[in-house]
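Note sheet for the following structure.
The values are calculated or read from the model by the stated rules, or taken from the named source; none is laboratory data. It should be emphasised that the depicted structure is a prediction, and the values quoted were computed from it without experimental measurement. Here the Cβ is made from the backbone with ideal geometry for all residues, glycine too, and neighbour counts use every protein chain on show. Just so you know, the surface numbers come from the protein's heavy atoms only, side chains and all, with ligands and any DNA or RNA stripped out. Shrake-Rupley method; radii C 1.70, N 1.55, O 1.52, S 1.80 Å.
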Amino acid sequence: MKLSAYHKAQGHQVCFWNPLFYFDVVYKSRVFTDTYSKDSITVRNAGQVIKGGTGYGPGPDLPDEIEHSYPDYSLYPQYSETAYGFLSRGCPRGCGFCIVGGKEGRKSRKVADLSEFWRGQREIKLMDANLLACPDHESLLLQLAGSRALVDFSQGLDIRLITRDNVALLNQVRTKAVHFAWDNPDEDLTRYFRQFLEWTSIRNPRLRRVYLLTNYGSTHEQDLYRVETLRQMGFDPYVMIYERPTAPPITRHLQRWVNNKRLFYAIPSFSDYEPVKKLLGGGMEMR
């Protein structure tokens, strides 16, 4: 959308790629590597093809005059009431499964004000990797609160960085839900989650969501412990599988059970989930 806005400002015609026409420049974007998104389209009808996105590996950032353009939301009229963008970039954590540290840096920093990509839309989808690690996060939260838009912290907030003050600011932001993460099974985050419960104004457990990474050095017992602990505390877990094709069957069943909320709340115990009964009945080893 920023590329489109920039080129339109130069007087260029912009549209989605079509194999039937010739283009001076075609941009190809890919978020994931071959594991999840094969590069199956070959562009032969263009003077220049520019590839970008983490699926193609590290690459240069957009030039500042493009990065700081107001996005061309007309490309996606079906999402006309949603604004997308970053207020901060980077993360200090350096998790082995995450590309953010290598791509954006090991320090969270402010990169924009809200007005750069929001002009009154009803919903805001933030894509920041670790907003609470940004030294300017309190002023940025105030901008979000002042918008009165529904805010989705889509990549999650760092539960280890909550304070009474920033939770008070979060309480002023209109949110569909808050997302946190508990990725490392060897790190006990329960005290942070309990502290958040004391300070937050969000009373519906299903609006307090937590991403759980599996198939990355954790056992099934560790995965299930995090799921059960979060539910008991009053959070809604969501299982993410690292490199899903390599995940054992028990992990895939855990994901289906947890993420299908009708199943998750109708069947309180994973051992009572019918596919698991069959799996364990066949002597499948858990790991």
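Percent of accessible area on segment 196-243 owned by carbon and sulfur, 1.4 Å probe? Intermediate values should be presented prior to the final figure.
Values: 1150 of 2260 Å².
In segment 196-243, the share of accessible area belonging to carbon and sulfur is 51 percent.
Phi angles of segment 164-170 translate, via the Karplus equation with coefficients 6.51, -1.76, 1.60 and θ = phi - 60°, into HN-Hα couplings of 4, 5, 6, 5, 4, 5, 4 Hz per residue; Gly and Pro are given as x. Our estimate of slack between residue 148 and residue 176, defined as 0.36 nm per intervening residue step minus the Cα-Cα distance, is 8.9 nm.
Shown in residue order for segment 184-190 are the 3J(HN,Hα) couplings computed by the Karplus curve 6.51 cos²θ - 1.76 cosθ + 1.60 at θ = phi - 60°: 9, x, 8, 10, 8, 9, 4 Hz (x for Gly and Pro). Among the GluC sites (Glu not before Pro) in segment 201-287, those placed in a DSSP loop whose Cβ has at most 13 other Cβ atoms within 10 Å are 243, 285. Angle check, please: helix 137-147 long axis (alpha carbons) against the longest principal axis of the chain (alpha carbons), in degrees 0 to 90, nearest 10. Between helix and principal axis, roughly 80 degrees. Taking every protein chain into account, the accessible area of segment 104-245 amounts to 47 square angstrom per residue (probe 1.4 Å). Taking the chain as the region of interest, the number of lysine pairs whose Cα atoms are within less than 15 Å, with members eight or more places apart or on different chains, is 5.
Rounded to the nearest 500, what is the chain's calculated 222 nm mean residue ellipticity when only DSSP H runs of at least 4 contribute -39500 (n - 2.57) each, over all residues?
The helix-only estimate for the chain comes to -8000 deg cm²/dmol at 222 nm.
Across the accessible surface of segment 10-143, with the other protein chains kept in place and a 1.4 Å probe, carbon and sulfur atoms take up 53 percent. Our coupling estimate for segment 51-60, obtained by passing each phi through the Karplus curve with A = 6.51, B = -1.76, C = 1.60 and θ = phi - 60°, is 9, x, x, 5, x, 9, x, x, x, x Hz, Gly and Pro reported as x.
Report, in whole Å, the centroid distance computed from the Cα atoms of segment 90-142 and segment 1-46. With segment 90-142 and segment 1-46 each reduced to a Cα centre, they are spaced 26 Å. Spin-label model, residue 10 to residue 65: label points 7 Å out along the Cα-to-beta-carbon direction sit 0.8 nm apart. Taking all Cα pairs closer than 8 Å and separated by 6 or more residues, the relative contact order of the chain comes to 10 percent.
Extending 7 Å from the Cα toward the beta-carbon at both residue 81 and residue 106 defines two label points whose distance is 4.4 nm. The alpha carbon radius of gyration of the chain, expressed as a multiple of 2.2 N^0.38 Å, is 1.13.
FRET efficiency for residue 262 and residue 36, Cβ-Cβ distance as r, R0 = 22 Å, nearest 0.05?
Efficiency at R0 = 22 Å is approximately 0.25.
In this label model, residue 97 and residue 206 are separated by 2.6 nm, measuring between points 7 Å along each Cα→Cβ vector.
Please list, by residue number, everything in segment 229-247 whose backbone N is under 19 Å from a paramagnetic label point 7 Å out along Cα→Cβ of residue 221. The answer is 229-230, whose backbone nitrogens lie closer than 19 Å to the label point.
Axis angle, to the nearest 10 degrees, between helix 220-233 and the longest C-alpha principal axis of the chain: 90 degrees. Taking a ≥ b ≥ c as the square roots of the eigenvalues of the Cα gyration tensor, segment 26-125 is oblate, since a/c reaches 1.5 or more and a/b is not larger than b/c.
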